[in-house]
Amino acid sequence: MRNWATHEFLETNELLRKLTADIEFHAFCAEMAQDQELRGMLQRHVQAMDQTYHQAIQLLQDKGANTAAAQARYSYSRQQPHVGFQIPQPIPAPQTANVTRLSDVTIGTLILNSHKAGSMFGMLWANECADPEVRSFHVMCANNCERMAYEVWQYMNARGFYEVPIMPANDVRMMSQTYQPMNTGNAMEYTGFMNPHQMM
């Protein structure tokens, strides 16, 4: 039986709580989404998170996480992002009366923020794990959240819901020239971990 450190056991429970809520939330939003592409993306996310949910239960119940499957990366097709303002779509004002459904913009924003949070929390939880398999599982979850977040952002960016301003080229040039390369003659040769006696 795996000897769980208290904090990593609790972090894995936190992951399962988040996955449970996220799966229901994604399914709920998929039902409300009007854009078929958004709906299909959310359904793919539900399937991926459902697989992760069952792997997390196996890990928690000391049955292993099926290492090969646990390391499977969430994949999606990358698109060329639009950088700079094209034709930004107006974001509707928040509605508070008689709200019966969320707009696709709101759904995208909520899902994007959920995945961003999952990526950050997942890496934080990984850093608290002593067991290499448990740690690796949390890293995989964090990475998959990052990929799903980027997929949602691509969708929003392509529709003008989330545009990215361009930094002026002159500012980029000036800031880039602020940094200077190291004098390699003074740099220590990297040989892996430093010998503790070299630190004294």
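Just so you know, all these numbers are worked out from the coordinates, no wet-lab data involved. All figures in this text were calculated on a predicted structure; none of them were measured in a lab. Here the Cβ positions follow ideal geometry from the backbone for every residue, glycine too, while neighbour counts run over all protein chains shown.
Can you order the peptides 137-146, 97-106 by their average number of other Cβ atoms within 10 Å per residue, highest first? Could the numbers behind the result be given before it?
On the way: 137-146: 22.2, 97-106: 12.5.
In descending order of packing, they fall as 137-146, 97-106.
Distance between Cα centroids, region 90-116 to region 156-170: provide it in whole Å.
Here the answer is 20 Å between Cα centres.
Any chance you could list the semi-axes, whole Å, largest first, of the equivalent ellipsoid that the Cα gyration tensor gives for region 72-131, using √(5λ)?
Details: eigenvalues 190, 81, 24 Å².
Over the Cα atoms of region 72-131, the semi-axes work out to 31, 20, 11 Å.
Of C141, I107, A130, which is farthest on the positive side of the dipole of region 95-153, counting Cα position, with +1 on Lys and Arg Cβ, -1 on Asp and Glu Cβ, and the Cα centre as origin?
Result: I107.
For every other residue with a beta carbon closer than 12 angstrom to the beta carbon of V134, add +1 if it is Lys or Arg and -1 if Asp or Glu, then tell me the sum. Please list the in-between numbers first.
Values: positive: R2, R135; negative: E8, E11, D62, E128, D131, E133.
Net charge around V134: -4.
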